[in-house]
Amino acid sequence: ETGVTQSPTHLIKTRGQQVTLRCSSQSGHNTVSWYQQALGQGPQFIFQYYREEENGRGNFPPRFSGLQFPNYSSELNVNALELDDSALYLCASRRTNTEAFFGQGTRLTVV
Amino acid sequence: GIQVEQSPPDLILQEGANSTLRCNFSDSVNNLQWFHQNPWGQLINLFYIPSGTKQNGRLSATTVATERYSLLYISSSQTTDSGVYFCAVEEYQGAQKLVFGQGTRLTINP
């Protein structure tokens, strides 16, 4: 049990739709980051939030956006869904310069 | 950016065997973590080990930062050890993001 929870666990969306994924960070953690894991691959960094500001971004287009709230919970929004967005989305939380803990993930299928 | 390579990509062993998983990285790191991904996708923390050696039960890990590699040892394997093992590193003075290797898929047969 990591203390990081994600919702929903599974989701099916149609191409072109928008989706919001949610993450509740572990208590005391001020940094949250999101990763995309395609089948058979390692997780890829999407972006990171610290004190409600994005402070790092991977190689993902602007239709991937996020928010971090004062209680350190977070959202990942993806607009104009494409078939290739089908993946496991993982949220991780940490205190600065310490180990990261991951949630159980949201499995998104785009049809 | 930093590159992370894990070997072997696949490993099949009998219950009770020992195994060594390797992670090579291309630059200095601020953080190195080993994870076990269970069949439901959850990444389970095994070790936070930017340098040195740690042990936790049947598992141990060693990171030699100066030579840019880390090893994960699993002794007396059990079927529940099956799954994918990931090494992830954070670049020294780089963006605070974890860069993952491609993983080692471990299968322990009864």
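Before moving on, here are some points about what is shown:
- Ordered by the number of other Cβ atoms lying within 10 Å of each residue's own Cβ, fewest first, B:LEU98, A:LEU67, B:LEU46 fall into the sequence A:LEU67, B:LEU46, B:LEU98.
- A:ARG63-A:ALA38 FRET efficiency (beta carbon distance; Förster radius 22 Å; 0.05 resolution): 0.85
- Our note on the geometry: Cα centres of region A:87-111 and region B:63-77, 24 Å apart.
- Annotation for A:SER7 and A:ASN30: the two label points, set 7 Å from Cα along the Cα-Cβ direction, are 2.7 nm apart.
- Residues B:TRP34, B:TRP40, ranked from the fewest to the most other C-beta atoms within 10 Å, line up as B:TRP40, B:TRP34.
- Residues A:SER33, B:SER51 arranged by fewest to most Cβ contacts within 10 Å: B:SER51, A:SER33
- Length-normalised contact order for chain A - Cα pairs under 8 Å, 6+ apart - percent: 38
- For the protein assembly as shown, the fraction of alpha-carbon pairs in successive 10 Å shells from zero, as %: 8, 34, 35, 18, 4
- Stokes-Einstein D (µm²/s) once Rh is taken as the Kirkwood radius of region B:1-92 over alpha-carbon pairs, at 25 °C in 0.890 mPa s: 182
Rule-based calculations on the coordinates, nothing more; no lab input. The model shown is predicted, which means the values in this text are computed figures rather than measured ones. Don't worry about glycine lacking a Cβ; one is built from the backbone with ideal geometry, like all the others, and counts go over all protein chains shown.
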